[in-house]
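A.B. asks: The structure is given below, and queries will be raised subsequently.
The values are calculated or read from the model by the stated rules, or taken from the named source; none is laboratory data. Everything numeric here is computed off the predicted structure, so don't read it as measured data. Every residue, glycine among them, receives a Cβ derived from its backbone with ideal geometry; neighbour counts consider all protein chains shown. The accessibility values were calculated without ligands, DNA or RNA, using every heavy atom of the protein model including side chains. Shrake-Rupley method; radii C 1.70, N 1.55, O 1.52, S 1.80 Å.
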Amino acid sequence: MKDHDALGLAELVRTRQVHPRELVQAAIERIEALNPALNAVIHTRYERALAEAETVPLDAPFAGVPVLAKDVHQEIQGEPMTFGCKAYASHIAGEDSHFVRQLKQAGAIFLGITNVPEFALMAVTESRHYGPTHNPWDLQVTPGGSSGGSAAAVAAGMVPMAGASDGGGSIRIPAAYCGLFGLKPTRGRTPVGPKLGRHWLGASVNHVLTRSVRDSAAALDSLVMEEKAAAFMTPRSAERYVDVIRRPLPARLRIAFTTESPLGTKVHPECAEAVVRAVRFLESMGHEVEERSAPVDGRQLAQSYIWMYFGEVGAELHRLHGVLGRKPRPSDVEPATWLLGAIGRSVSAADFVARLQAWDEAASQMETFHETYDIYMTPTTAMPPARIGELSLRWSEERLARWSHRWGIARLLERAGIVDKLVETSLMRTPFTQLANLTGQPAMSLPLYRSSTGVPLGVQVVAARGREDLLLQLACLLEQSSLWVDVKQNPFMREDRPPAAQAT
């Protein structure tokens, strides 16, 4: 399982060297052996997966490939979908999401569902309902979030590919911290339905986390569909992405890069060095390089992103009313979720719309920017991964969150400037990724650096809307370079008996 990517496993099935049932069984054994240490998978469906392995079409692109879905809007019919929240513990999906349906049609077999932070709100995967997910490179640090369970599972070799979604960096951040390839497609490229027409007002998109570039390209080919109820639709590419990546890059790319945080906050030297090394490599190949920041107001965009958070969490608590059959209480969700929802319920519609208008302004500015520059490179994150529990709320902060609804302090927090402080503290570790979510551009994280502690760090590359082809071509080039981090060097892939007993 750990020695092949998804397309490699499918080729073994197509040439009848292995049966899909053998692949599923191998993945089951690996999940059972490794998950006690990693806590990446929170629900399994082994018997159904083994049954599905008997009928999988052998000529499908991912014939018989074991995969996992994310516990947020990647529903599998008859299986739980809890959003990392105990209030949804008994919620069962009534039908497959379009994301799952498309990958099933491509031959993939879903073995289970991966861990997420509650409602996918955090850049760490430490749900109180399921417990934290650990990073396969270092069990003491986070794999990132919100697709942290998927990232840990793929990096540890449980499966070659797993479902992920990205509303502010939730594919790219875990990819960076786990040494994986993570592509966030253009808004409207991949399906979000059937029950929803948009996720997070269009900021969030579905895709996968993979160990190889070609797997991500093939998954993108498989996921593209005409989704009539979707709020956003991007025109289908004229070529398959698995064919596009075989072509070389244009001879001379125009590359802009920065290592400065758009918030003006600190960037760890090693996160900056990852970008500088990649830029030097590309410059040595003849590409034109210029140090320049994106022409947007980073703080304004960060504020508009956080206000979207407030509104979405407030709406989530409203939906929870229907699930529970009563008004939700603070004990139904985590303290941070309750506080964000309380602030969201205090925001006026006019304020909310005004903040959203910044998204379109930034999109226009970036389109003009890409008339000069083909790609824009930054660190994926501003800091190495936090230790497990490092970013948890303090006791006093939890009390504040729990009592916010009684005291009516949500609006007071905003007026006192505490919300602005929340913007900085919540995004200072990951200030680079939100831009592409708000503008709708494709962006990817490349595993091009390992920190002094041995944990991977990522380099983010952003392109104009619709230019996944350019990103994938560049990724293929760098995948063959000495900069590319070999995910098989983490302990869970390297050792015959992975360190399942080391988790604390």
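A.B. asks: Give the number of residues within the range 221-232 that are open to solvent by less than 30 Å² (accessible area, probe 1.4 Å) and part of a loop (DSSP other than H, G, I, E, B).
C.D. replies: Pass one, the range 221-232, residues open to solvent by less than 30 Å² (accessible area, probe 1.4 Å): 222-224, 227, 230.
Add one more test, that the residue is part of a loop (DSSP other than H, G, I, E, B), and what stays is 224, 227, 230.
Number satisfying all stated conditions: 3.
A.B. asks: Taking the condition of being open to solvent by 10 Å² or more (accessible area, probe 1.4 Å), in a loop (DSSP other than H, G, I, E, B) and of a type outside the set (Gly, Ala, Ser), how many residues in the range 122-138 meet it?
C.D. replies: Summing the residues that are open to solvent by 10 Å² or more (accessible area, probe 1.4 Å), in a loop (DSSP other than H, G, I, E, B) and of a type outside the set (Gly, Ala, Ser) in the range 122-138 gives 7.
A.B. asks: Given the criteria closer than 20 Å to Val242 by Cα, of a type in the set (Ser, Thr, Tyr), open to solvent by 10 Å² or more (accessible area, probe 1.4 Å) and not in a loop (DSSP other than H, G, I, E, B), does Ser216 qualify?
C.D. replies: Spelling it out, it is not the case that Ser216 is closer than 20 Å to Val242 by Cα, of a type in the set (Ser, Thr, Tyr), open to solvent by 10 Å² or more (accessible area, probe 1.4 Å) and not in a loop (DSSP other than H, G, I, E, B).
A.B. asks: May I ask you to list the residues in the range 353-367 that are within 15 Å of Trp307 (Cα to Cα), open to solvent by less than 80 Å² (accessible area, probe 1.4 Å) and within 25 Å of the chain's Cα centre (by Cα)?
C.D. replies: The answer is Arg355, Leu356, Ala358, Trp359.
A.B. asks: Pick from the range 57-74 the residues that are without any contact (Cβ under 8 Å) to a residue 60 or more places away in the chain and not small (Gly, Ala, Ser): which of them is surrounded by the fewest Cβ atoms within 10 Å (Cβ to Cβ)? Steps first, answer last, please.
C.D. replies: Residues of the range 57-74 without any contact (Cβ under 8 Å) to a residue 60 or more places away in the chain: 57-60, 63-64.
Add one more test, that the residue is not small (Gly, Ala, Ser), and what stays is 57-59.
On the way: Pro57: 13, Leu58: 14, Asp59: 9.
Here the residue is Asp59.
A.B. asks: From the list Gln77, Gln102, which one is of a type in the set (S, T, N, Q) and under 19 Å from the mean Cα position of the chain (by Cα)?
C.D. replies: Gln102
A.B. asks: Moving to a separate point now. List the helices (runs of 4 or more DSSP H) that sit entirely inside the range 233-344 and contain at least 2 residues that are crowded, with 21+ Cβ neighbours inside 10 Å.
C.D. replies: 269-284, 298-324
A.B. asks: Sticking with this one: Just checking, how many residues over the range 314-331 are in contact with a Phe, Trp or Tyr (Cβ under 9 Å, 6 or more places away or on another chain) and closer than 15 Å to Phe83 by Cα?
C.D. replies: Final tally of qualifying residues: 4.
A.B. asks: Would you be able to tell me the number of residues in the range 84-106 that are part of a loop (DSSP other than H, G, I, E, B) and either crowded, with 24+ Cβ neighbours inside 10 Å or in contact with a Gly (Cβ under 6 Å, 6 or more places away or on another chain) (or both)?
C.D. replies: Of the residues in the range 84-106, 3 are part of a loop (DSSP other than H, G, I, E, B) and either crowded, with 24+ Cβ neighbours inside 10 Å or in contact with a Gly (Cβ under 6 Å, 6 or more places away or on another chain) (or both).
A.B. asks: Further question: Taking the conditions exactly as written (touching a Ser or Thr at 6+ places or on another chain (Cβ under 6 Å) and either of a type outside the set (S, T, N, Q) or within 21 Å of Ser392 (Cβ to Cβ) (or both)), does Gly144 satisfy them or not?
C.D. replies: Working: touching a Ser or Thr at 6+ places or on another chain (Cβ under 6 Å): no; either of a type outside the set (S, T, N, Q) or within 21 Å of Ser392 (Cβ to Cβ) (or both): yes.
No, not satisfied.
A.B. asks: Let me ask you something else. Looking at Val13, Val18, which is the one that is of a type in the set (Val, Ile, Thr) and surrounded by 23 or more Cβ atoms within 10 Å (Cβ to Cβ)? Write out each step before concluding.
C.D. replies: Numbers: Val18 fails: surrounded by 23 or more Cβ atoms within 10 Å (Cβ to Cβ).
Of Val13, Val18, the one residue that is of a type in the set (Val, Ile, Thr) and surrounded by 23 or more Cβ atoms within 10 Å (Cβ to Cβ) is Val13.
A.B. asks: Among (1) open to solvent by less than 10 Å² (accessible area, probe 1.4 Å); (2) modelled with pLDDT of 95 or more, which single condition is Val419 missing?
C.D. replies: Exception for Val419: condition (2).
A.B. asks: Among residues belonging to the range 368-389 that are of a type in the set (Ser, Thr, Tyr) and open to solvent by 10 Å² or more (accessible area, probe 1.4 Å), point out the one that is farthest from Glu283 (Cα to Cα).
C.D. replies: Thr368
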